[in-house]
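A short write-up of the structure that comes next.
Please treat every number below as a calculation from the coordinates, not as lab data. Treat the numbers as computed from the prediction; the structure is a model and nothing was measured. We place every Cβ from the backbone using ideal geometry, glycine too, and count neighbours over all the protein chains shown.
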Amino acid sequence: MLMKKKMIKGSAMIISALQKEGVEIVFGYPGGAVLPLYDQLYDSTLRHLLVRHEQAAAHAADGYARVTGKPGVVFATSGPGATNLVTGIANAYMDSVPLVLITGQVPSGFIGTDAFQEADITGITLPVTKHNYLVKDARQLPGILSEAFYLASTGRRGPVLIDVPKDVFDQEAHFDYNVECEIPGYNPTYKGHAGQISRAVKAIRDAKRPVIFGGGGLIRSGASAALEELAERAKIPVILSLMGLGAYPGDRSLFLGMPGMHGSITANYALSEADLIIATGVRFDDRVTGKLESFASNARIIHIDIDPAEIGKNVKIDVPIVGDVKMVLESILKKLQFGDTAEWLKQIENWQKQNPMPGGLKSSGSAMKPQHVIREISRLCDENTIVATDVGQHQMWTAQHFMVRKPCSFLTSGGLGTMGYGFPASIGAKLAAPDQKVVCITGDGSFQMNIQELATAVNNHLDLTIAIINNGYLGMVRQWQDIFYDKRYAHTLMEGNPDFVKLAEAYGAKGMRACDAKEATAAIEQAMQEKGPVVIDFTVEPEENVYPMVAPNRPINDIIIGGDRS
Amino acid sequence: MKHVLAVLVEDKPGVLTRVAGLFSRRGFNIDNIAVGETVTPGISRMTITVEGTETLVEQVIKQLHKLVNVIKVSNLSEEPSVMRELMLLKVNAEVGSRSDIQQIVETFRGKVVDVSPDSMIIEVTGNEEKMEAIKLLLQHFGIKEIVRTGKISLLRGSRITREG
């Protein structure tokens, strides 16, 4: 006798698939077209975090994914619900963060009629997703769901969106879920080419002035241990891009900091003078390379990356290795040979002595230096602290002055540069790692882009410290106006800022203000002890600039030093 | 230089949009594109002509590979291959000029596929050079309309471009 398989609704398939994929929490916001899915969620054991704006759901899921390495899952409704996700999706796409986003869509029969709350979200997100699907029939759901998780979390990670018409949620079909799936056009290469690995080994052996330049790929592939071994056995200095911070402990002597526009002088000099660059999980972004023609003109470059399209995209590569950064580094380590780098390290030490990061000291005048606030937060945090930043001056100061020691503990919008990312990302991070301290360092401009999430943080009793580096300006834009637009501060003064302390209190959070170094230390110490979200409004020097700085499209060793280096 | 790419894709909704969208957002130019079935059900073949340097075409190919629905991309310009395009031209053809037109068409091994009192439709297949040559000659009579299929191409010999 044939066993009759049970039929279940499309919405039940989705919940069941999420559970089979090991999803613990969904970030989302309900609405008309996604109601059947929320109705199904109501009976399940899955946790749901209700945000106050869909963009925050995408950013929170992104923060969660960066901390856990697992795909962050998002639900939203059709039309405006889906379009509000777009910035969060683009952000995750640029930084290669795994997300699976499920949006409701108007019923199948209404698609294409400009129905209420209809938006072609698969069309809209085509250029900012790794892949996306419009589900036409519930029978496709099991296959599409397993493909979505597989695509999001393998190869070069990225966001995958599934758009589900309302009637498909209610349509019944057989559910047979297979986590393994095969896609004919998708076969990421993990193991590096043996011949190229041998060439890399030789290049390392012959190098006199080698440097490792690592990025977000190191973190996504879990390559920190391999990187440490390579650096420390062969005595090769390490430079990390903004996305790579944490992949190598920031307090080691071989660490030279971040390169590029606001990178350390030593890192930029080292890249410019190196005879070999071992590039691992980086994509040679314009903020790193400066003027391409003069970038690393003295160096041979080994480039290891999971995405073949990144190799040779911006910079000419001598030894291309497509593969998982961790696996390739491990293969290199098995055959590692190296030369004597003592002289090179001495040169680097000299650069470091001559060029300390500016603005590190306590300010003597009345206004507090923003860099000081960040150093103080860093000093008072333990090594497991996760820091999330927004975008702008405070982000660069955090990259320069916050001591990041571990991978997956520095969350920032690197590629897209999304103001409003940091606070929701810190919420996602706290849910991912409830036992770790989570600090959001933000600006008065950025914080107001997703400030409504204070309600989410308060409602969920999340222990978060939100540090506003408040200079009353859109500081980074003002800095460019200062340097490149003759100090014409067009619309960068944030007139009408609210009283952030009172605002925090209105949401039911704790609010504090610190105007000098003493108050700053006391406020940070107190915030660390508090339960629930704490907002600290640090009033800082309004016109402090981020230095060092390389002007756009200038060689990276052509540095505006600037700043108070006392 | 012009490069002719054979792109095997899964025959799924939106795949043409994905490919075309990739070209526009990465700033690549499509010279022409032709799409049709293959011997394998569920798989379509796109023939895309793109103009650019070696480096640019390499990047085009890598980016195409990243599309999940793209199964295989081959650059047919790197190998001996047969390349054809079909063009239909509607030409002014008064009674007095018809035999002249007929002669040109025969020289290019084209066909007259429709005749009306004052016009003819001419069908011609071949490579780009041939298309340009016949166009130039027929311009003299006045070309009212042109439609082209875009280039299609196969490797010479027994080798095939397959999905595996």
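Below are the figures for this structure:
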{"read-out": "Förster radius 22 Å - calculated FRET efficiency between A:Glu229 and A:Glu383, Cβ distance, rounded to 0.05", "value": "0.65"}
{"read-out": "Kirkwood Rh, Cα atoms: Rg over Rh of the stretch A:7-174", "value": "0.92"}
{"read-out": "Percent of beta bridges antiparallel (DSSP, the stretch A:370-539, rounded to nearest 5)", "value": "5"}
{"read-out": "Segments B:139-145, A:49-55, A:344-350, A:84-90 sorted - mean Cβ within 10 Å per residue, highest first", "value": "A:84-90, A:49-55, A:344-350, B:139-145"}
{"read-out": "Distance (nanometres) between label positions extended 7 Å along Cα→Cβ at A:Glu343 and A:Met403", "value": "3.4"}
{"read-out": "Protection proxy ranking, peptides B:105-116, A:221-232, average beta carbon neighbours within 10 Å, highest first", "value": "A:221-232, B:105-116"}
{"read-out": "Computed label-point distance, nm, for sites A:Asn460 and A:Ser108 using a 7 Å Cα→Cβ extension", "value": "3.5"}
{"read-out": "Kyte-Doolittle mean at least -0.5, axial Cα span of 20 Å or more - DSSP H helices of chain A", "value": "A:54-68, A:80-94"}
{"read-out": "Antiparallel bridges, percent of DSSP beta bridges restricted to the protein assembly as shown (to nearest 5)", "value": "45"}
{"read-out": "Convex hull per residue volume in Å³, alpha carbons only, for the stretch A:99-232", "value": "147"}
{"read-out": "Efficiency of FRET from Cβ geometry, B:Glu145 and A:Lys5, R₀ 51 Å, rounded to 0.05", "value": "0.35"}
{"read-out": "Sites B:Thr125 and B:Glu94, calculated FRET efficiency, Cβ-Cβ separation with R0 30 Å, nearest 0.05", "value": "0.70"}
{"read-out": "Computed P(r) (all Cα pairs; the stretch A:491-544; 10 Å bins; percent)", "value": "23, 48, 26, 4"}
{"read-out": "Cα-based Rg / Dmax (Å) for the stretch B:1-142", "value": "18.9, 57"}
{"read-out": "Surface/4 estimate of mean projected area, convex hull on alpha-carbon atoms of the protein assembly as shown, nm²", "value": "40.0"}
{"read-out": "Along each principal axis, Cα extent of the stretch A:217-294, largest first, Å", "value": "33, 24, 21"}
{"read-out": "Length gained when the stretch A:Val179-A:Asp206 is fully extended (0.36 nm per residue, less Cα-Cα span)", "value": "5.2 nm"}
{"read-out": "Difference of contour (0.36 nm per residue) and Cα-Cα distance, A:Gln19 to A:Asp516", "value": "174.0 nm"}
